[in-house]
Amino acid sequence: WCPGRLWFRSALAVCAWVILTAILCTGSRTGWICLALYAALWLQKQWQGHRMMKLTILAVLAVGLAWGISVVKTDSTNGRRFILERSWELVQARPFAGYGSGGFLREYMPRQADYFKAHADSGHAWLASEVYHPLNEFVWVWIEFGLPGVLLSLGALAWLLSGLFRRRDIFSRMLAVSLCACVVFALFSYPLKYPLASVIGIAAVERMCSGMLGRGRMNGKCWRWAGMAGIVVAVVALIKVSVAYSYEYEWSRVARQALRGHSREMMPRYAELYGHYRHDASFLYNYAAEQFYAGRYVGAWRTAEECRKHWASYNLELLSGDICRQLERYGDALFHYRWASLMCPVRFAPLEGMYHVYRERGDNLRADSVSAVIRAKKVKVLSSEVIRIKEEIGWQTVR
């Protein structure tokens, strides 16, 4: 009997209970898949002489997971499949070279709009929304960096997992199992956007490299040079992180002031930040929106066009339509509102913009037509904005 071992087992039991409770409460199907993976690994280790029993249990787990993926949350499953189908179209167009960094954000939403333009009655229109990721990290890598990026990623994962599973210490095994869970999540989500997956990956690489360096019998001089290089890299990284944090803090402060109704006063500060963030799509969109609220419509249009080089999105098209309306460029405004409506057919805001354009142009017939569409359109998510549009426009008739 060992108190330390008892405490360790108790801590593991508590962690397991918390994880299981979280999966049950969230209904995460990917979480269930990871639990099935852990069960399979445990069976492989514990029941090495019971082949038939292991196969039976694994078959039951596989059937249960297949049922859960196909039956539970069918709308979510259909939506994910739709996104992967459009993403695969992008892959087929440029399978080897990819689209470069930021390629998915530039290319996906226009592809989705093209689909609904060709399939106006598609049932997927009810599920479509703004998409920022294909919900599969390997597909994302393929779109961004092409086939070489996918092969490099798979090769690195195979090297890490095989090396960690060969090691006998408990920490390496824990890293290997955690990395397997990250791979499973990478098939259905975007774990690379969260710090935990990065921490696990860095720890796994460090574990493998430390083992290789240990076997290489590095002498003291080599260790000193490696230590110095590590210190230099750490200092450079700290400086870059500090500079980035200072800019992010300033942008956050300026954006909060703008949201309080001080957009015009914040324009000089946005102009100063532009030099640092001129290639950041999120900043450019925020800058264009605040220029619009400040009444600087020409500047807002230029910033929106610059943002479009990095990001094609429903919100950007909607903003561009609003800007063109204020500039009385009604043809361009209609183009952007229609494109936004094709990207997300379930939304009401583009129809509202089109209605106001027709009113301002004096085209009462088309304004009445849009009003009728708004009145008859089904509501996916009832919100105050949808209620306002329905009440203000859906029941109006232009005379």
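Just a few scattered comments:
- With all protein chains in place and ligands, DNA and RNA left out, the 1.4 Å accessible area ranks 114, 121 as 121, 114, largest first.
- Sorted peptide list for 136-149, 243-256, 79-92, criterion being average Cβ within 10 angstrom, highest first: 136-149, 79-92, 243-256
- In this label model, residue 269 and residue 165 are separated by 5.3 nm, measuring between points 7 Å along each Cα→Cβ vector.
- Extension reserve of the residue 92-residue 158 stretch, reckoned as 0.36 nm per residue once the Cα distance is removed: 21.2 nm
- Taking every protein chain into account, the 1.4 Å probe leaves residue 26 with about 90 Å² of accessible area, to the nearest ten.
- The stretch 305-322 - phi-based ³J(HN,Hα) in whole Hz, Karplus 6.51/-1.76/1.60, Gly and Pro as x: 5, 5, 5, 4, 5, 10, 8, 10, 8, 4, 5, 5, 5, 5, 5, 4, x, 5
- Low-density loop cleavage sites - GluC sites (Glu not before Pro) in the stretch 310-399, where at most 13 other Cβ are within 10 Å (DSSP): 328
- Above-threshold pairs, the threshold being 21 Å between Cα atoms, out of 193/380; 117/377; 240/309: 193/380; 240/309
The values are calculated or read from the model by the stated rules, or taken from the named source; none is laboratory data. Note that the coordinates shown come from a computational prediction; the quantities given were computed from them, not determined experimentally. Neighbour counts run over all protein chains shown; Cβ positions are idealised from the backbone, glycine included. When the accessible area is computed, the model is the full protein with side chains, heavy atoms only, and any ligands, DNA or RNA have been set aside. Shrake-Rupley method; radii C 1.70, N 1.55, O 1.52, S 1.80 Å.
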